[in-house]
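Beneath this line is the structure, given in structure tokens, with notes to follow.
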Amino acid sequence: MASLHDPLPLPCGQTLPNRIVKAALSEGLGDSGAGPDERLHRLYTRWGAGGFGLIVTGNVMIDRTQLGEPGNVVIEDERHLDELTRWAKVAKDGGTPVWMQLNHPGRQANPLATRNRPVAPSAVAPGIPGLPVPRALTESEITDLIARFATAARVAEAAGFDGVQIHGAHGYLVSQFLSPLANRRADDWGGDARRRGRFVLEVARAIRAAVRPGFALGIKLNSADFQRGGFTEEESRAVVEALAAEGLDLIEISGGSYKSPAMMGRARGTSASTRAREAYFLEYAETARRAAGPVPLAVTGGFRSRSAMSAAVGSGACDAVGLGRPAAVFPSAAADLLSGRTAALHPPAISLGLPDRWTRGRMRTVDGALDLQWHTDQLHRLGAGSAPDLARSPWWTALSMVRRNGIDAFRPRRRSSEPGHDRLPRYSFPRNGFGRALGRSKFERGAGRGGCASRRGEGDVIRREALARKFRIERNVGRYVANPAFRVLDRLGVRSTLATELETVGRKSGRPRRVPVSALFDDEGAWLICQHGMRSGWGNNVRANPRVRLRRGDRWYDGTAELRPDDDVVARARAFAPHPLLAPLTAAGFAALQTTPVSVRVTFTGNDSAAT
């Protein structure tokens, strides 16, 4: 019976010194040129001394025009070979093999990191707040991406890394090709499971052809993507069997995507047996064992105690266990477990702690992203030479997440643009306001004309009810949280762009109505952001009567307001609140509301008066 201490021989001839793997974590510590710097060196020096049997880097991108987040390292050629060589050396100085994880984000690319439109197998939106509809890849682009994976692997080998791992999980590009939800192509790269699996097989073959036989090749693969109609466990086992025939050395099992983050234990319906055995995907690994043949299996996700890890390896369900997020707060986790200094790892549970009725749907995704960012903050501390901070508040992490990734979390979903338009489209305001969205749809009006119309009508009713619930939450957040907070700041004497007021004329009452707003002043007026767009009371007031008053410091200024739905509200909002301590609050407030904002231009007419 195998134990955690036992070496693990791999088909390529390498031998891992033990069975605990430091799984990939996206560090976001690349320099401005997308190369590794001293922060990565410091971080991997810590992990290199952590007693792991294998270290897998965070996802290194193969295309600098498509990044998962700011700070990704990118390999397109040998321009960063010296820095990559240094990275590999410091990580290996402790005697642990180091593999580089290679990735392309596909439709999960962060548009603010590159300002390029994401690409994917098909033009299907990922359903993640802030991410737009991608552009479908052409066949020549698919071929180019396969070659890019091979080039990155060749450079990694030249830099001294011991192997590479293809990131085929968590909703990124390889996973998108495998999923029938994301891949709706009708050519040789999509359709049935065999053709959807072609891309990952071609990537593996291209890498194998580009490196020497003793260079390791692994993959991180989803057991399933945990979405109805998505990539299933049966399809995953078929991919495992096909990959095992391509000369792979280690298959790491994970699961989910950032829409359904099972890899963080946030998927619906986690079973009691899974909770007892800790590992999220161990039951699947047991069924995939035969399909993998001689290729070792690692399981990542959920492991916290030495007893559960030992039981998983000892039972033969897997050959190694992966530790991801725990390694961010316990960089010597493997040494601590193997030496007996600790029996279990207990990283804190990360959540904003919002009421249950707020955490369904999108908030599940938001909490999952927050969890990842909290652990990324710990990686940044390690990279800076500091110790992890287990007491760090998730709310501070939410602010740093917005600061680091921009405020694209409140981007509205956009319709796909014409083929060939790779730059992101500017914002377009929805033609139908919230009130019109609540009106009867054509499917409802025809609900009695057939079963199809009836089902569509029912779907519209459900969607409108969801919109209504969302709007009530947003309204209550503004009425009972945001607005009182602005008024408290006002009473404390805070005069900033974060805490100014706008006075409009009520379209029904005809009386002045004052609301807190964020404003960016200039010599002729100010820019505002109407957070709820035309679902906002004051936004509709402005549309009905553009005469407004805006407070600047201790004085009120008369002006004329104009809604600017074509303005780039993301770029506009990023310029708000120039004070570094207040900027994250403005952005975080927008992101948390998940609204459809619109820019508003106020032009002063010259009259001013003292604030009352």
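The values are calculated or read from the model by the stated rules, or taken from the named source; none is laboratory data. In this text, all values refer to a predicted model and were calculated from it rather than measured experimentally. FYI the Cβ positions are ideal-geometry reconstructions off the backbone, even for glycines, and counts take in every protein chain you see. Surface accessibility is based on the protein's heavy atoms, side chains included, excluding ligands, DNA and RNA. Shrake-Rupley method; radii C 1.70, N 1.55, O 1.52, S 1.80 Å.
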Would you grab the residues whose amide H sits under 5 Å from the one on Glu501? Only those 5+ places off in sequence or on another chain, please, with H modelled 1.01 Å from N. Val517, Arg551
Distances over 21 Å make up what percent of all Cα-Cα pairs in segment 78-160? 47 percent
Under a 1.4 Å probe, counting only protein heavy atoms, His532 has an accessible area in Å², nearest 10, of 40 Å²
May I ask you to order 239-251, 91-103 by the average number of other C-beta atoms within 10 Å around their residues, highest value first? 91-103, 239-251
Set the Förster distance to 25 Å, then compute FRET efficiency between Arg511 and Asp568 from the Cβ-Cβ distance, nearest 0.05. 0.15
Residue by residue through segment 175-191, what is 3J(HN,Hα) from phi via Karplus (6.51 cos²θ - 1.76 cosθ + 1.60, θ = phi - 60°)? Round to whole Hz and write x for glycine and proline. 5, 5, 4, 6, 8, x, 6, 9, 10, 10, 5, 10, 9, 6, 10, x, x
